[in-house]
1. Yes or no: Ala254 modelled with pLDDT under 95, in contact with a strand residue (DSSP E or B) (Cβ under 9 Å, 6 or more places away or on another chain) and either β-branched (Val, Ile, Thr) or more than 22 Å from Phe528 (Cβ to Cβ) (or both)?
2. Based on what the data block shows, is Glu538 of a type outside the set (A, V, I, L, M, F, W, C), in contact (Cβ under 8 Å) with a residue 12 or more places away in the chain, surrounded by fewer than 22 Cβ atoms within 10 Å (Cβ to Cβ) and under 30 Å from Leu261 (Cβ atoms)?
3. Checking the conditions here, which among Thr626, Thr607, Thr551, Thr544 is modelled with pLDDT of 95 or more and closer than 21 Å to Met465 by Cβ?
4. When the residues of region 264-283 are filtered to those that are assigned to a helix (DSSP H, G or I) and touching a residue at least 12 places away in the same chain (Cβ under 8 Å), which remaining residue is nearest to Ile391 (Cα to Cα)?
5. Report, by residue number, each residue of region 234-246 that is surrounded by fewer than 23 Cβ atoms within 10 Å (Cβ to Cβ), touching a residue at least 24 places away in the same chain (Cβ under 8 Å) and either at positive phi or outside any helix (DSSP H, G or I) (or both).
6. Can you list the strands (runs of 3 or more DSSP E) found entirely within region 357-422 that contain at least 2 residues being surrounded by fewer than 19 Cβ atoms within 10 Å (Cβ to Cβ) and in contact with a helix residue (DSSP H, G or I) (Cβ under 9 Å, 6 or more places away or on another chain)?
7. Hey, can you tell me all the residues within region 518-547 that are touching a Leu at 6+ places or on another chain (Cβ under 9 Å) and among the hydrophobic types (A, V, I, L, M, F, W, C)?
8. Residue check, Leu508 against (1) over 20 Å from the mean Cα position of the chain (by Cα); (2) more than 21 Å from Glu243 (Cβ to Cβ); (3) not small (Gly, Ala, Ser), all met but one. Which one?
Amino acid sequence: MEEKKLSYKPGTVLQGIYKSYGSRFGFFITDDDHEDIYISEEERLTALNNDTVEVRVIKGITGRHNMEGEILRVIERAENTFVCTYEMTAYGGEAVPIDEKVNMYINIPKGEEKEAVTGARVIVEITKWPGKQTDAEGKIVEIIGYQGDKGLDIDLLIAQHKLPHVFTDELMDEANHLSHEVKPEKGVADLRRLPIVTIDGPDSKDLDDAVYCVKKENGHYELGVHIADVSRYVKRGTLLDKEAYRRGTSVYLADRVIPMLPFQLSNDLCSLNHDEDRYAMSCIMDVSPEGKVQTKEITPSIVRVARRCNYPEINKAFKEGIVSDDLKPFMPMLNDFRDCAKALRNEREKRGALDFDFPEYKVILDENGKPLRIEKRVRDESEKMIEDAMIAANEAVARFLSETEHTSVYRIHEHPDGEKLLSLKKMMTILGIQEKLPEKPEPKDMQRLMKSIKGEEGESAIEVMILRSLPQACYSIENAGHFGIASTCYTHFTSPIRRYPDLMVHRLIRQALAKTLDKAAEKKQSEFLLRAVEHSSETEQNATETERDVTDLKMTEYMEPFVGEPFEGNITGITRFGIFVGLQNGVEGLVHVDTMSDDEYIYQEDTMTLKGRRSGKNYCLGMPVTITLVKADKEKREVDFILGEIHSPLNLERKIRKSISLKSHAKKKNKNHTNKRKRR
């Protein structure tokens, strides 16, 4: 059983972060040992979501919480700009934040409205914070658009996540003046004679990586991974570099890409396009039949991609033997590459690497941004081959940099979290799983657990719990290894067009090869790298959340025409307020407990189930259920179901009204159970 959380005595004064959960209440976030403190709307003062506040613990008023509190003062505001809906008034205007967790009205004085009219979606900067009896004041700094504008829904999410998405004229001028000449020089290996290929999605434009593989007489493979040499063009301190640092990563949304670098670089100058000479950073490895890797050489190079391949055609060539005439000359090399990749994969599995194969989905839009269909992303042989080669190159480069004994950039994934590990063990006990985990499990322990539940009824639920027990992978200057890949030394080297950490790694390689770092420069560089890895982890997390929000938005919009239709699904999450159900197309929604009218259902914490008080009926994770869609709210990105199939239009209408009348199901509070994929 999980240990009971501690409480603070009434009168205790604390400082920390306030989290809002809508207009009615919020919580003051405490440490891991104490319960969070409930803050009612009346005791919120003027605090907003994520503000740093000072709170005093008070005796519980509502009776529903062990600890309640009153906010004494706001120490620091988390944000000073908000995405709002604007309305004109006699005195100027009024802006209401779109985010329900930001509960305030903002007065816009005349002259500060930037020519916005009623209905405009705007970004407002606060000039005066609200008082006990007064509203906030602000000025409009950007008009995002109006209802009906193409792509406005995604524009709003980009604004809410504060993603930079416009390059300045000065930066574009800098990009346009970069030299396109590629010529041999000392210290740069000329590899243009090799029949190197790229393998990417059919619609990919920023081609970071290319590969070449050949089987040698001794049975080993020579595997070359060739990565776009962005560091040659994007120099430290330039406008391009400063903006790439600020963005941290490219962001891939349903209708657009927000690139880290301008398209002149990401899609042209740096991209390893077919039949074009390009500067690269090459990692040449010797791979044994058992998958053991020895690094032969890491060097700047010139490459010329002989064939642009895509995943579907390579998969078809392997599976069905359908090969186009221009691909036939490359098939011997690709067959060697496939065998080499399998050896790498097998070796990684032997050391304990975890293979989470959760399905991923892509929403296909029409030219107006409306969802047409939801496609399941394929992870077939060619996708795995590229993944295997990139992991091998990332490890080889990480080992190379660690041996320099200078501060470097690593991609780390630490061991399972203690509290979440307890939850996983509890779930294993509930489901009757015999496999035991040690107090401090290693990758092989988790891998053994995953193999033991293969094909079992609780497989998907346990895999989700395993994933939840693991911390988020991030960047660090300390080499803590990568738990998920079972690697003792790992970095990100293979995507410098779209990830700033990879660009830093390329610079570190170039520096290590030239041996140009003195002690004074190393101290300054180490301080920069420490800041940069933290910033890169933050920008990556923000990008991931934006991508997830956009996918949820478009999936919800896709479901709108199907309100009233029945579906088959499986229970993916259980809470006090209901059960989450996932459909085969990746859409997930809530069955609110208040709509389960055949009984009074109580959440059983010890078994993680909902149990009927009278009937004893149980709902548990992974259970198949039939549900009917009653609401798809695109604005809130929420999908609501009811259990069973509703045949009567009158009954359906009643259920829909009841669903709409229920308070928000707090999906945002329970994001964790849907976050089934963490970036490597």
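The values are calculated or read from the model by the stated rules, or taken from the named source; none is laboratory data. From a predicted model like this one, the values you see are computed outputs, not experimental measurements. Don't worry about glycine lacking a Cβ; one is built from the backbone with ideal geometry, like all the others, and counts go over all protein chains shown.
1. On the way: modelled with pLDDT under 95: yes; in contact with a strand residue (DSSP E or B) (Cβ under 9 Å, 6 or more places away or on another chain): yes; either β-branched (Val, Ile, Thr) or more than 22 Å from Phe528 (Cβ to Cβ) (or both): yes.
Criteria met by Ala254.
2. Working: of a type outside the set (A, V, I, L, M, F, W, C): yes; in contact (Cβ under 8 Å) with a residue 12 or more places away in the chain: yes; surrounded by fewer than 22 Cβ atoms within 10 Å (Cβ to Cβ): yes; under 30 Å from Leu261 (Cβ atoms): yes.
It is true that Glu538 is of a type outside the set (A, V, I, L, M, F, W, C), in contact (Cβ under 8 Å) with a residue 12 or more places away in the chain, surrounded by fewer than 22 Cβ atoms within 10 Å (Cβ to Cβ) and under 30 Å from Leu261 (Cβ atoms).
3. The match here is Thr544.
4. The qualifying residue nearest to Ile391 (Cα to Cα) is Ser266.
5. Arg236, Thr238
6. Output list reads 361-365, 371-376.
7. Leu529, Ala543
8. Of everything listed in (1) over 20 Å from the mean Cα position of the chain (by Cα); (2) more than 21 Å from Glu243 (Cβ to Cβ); (3) not small (Gly, Ala, Ser), Leu508 misses just condition (2).
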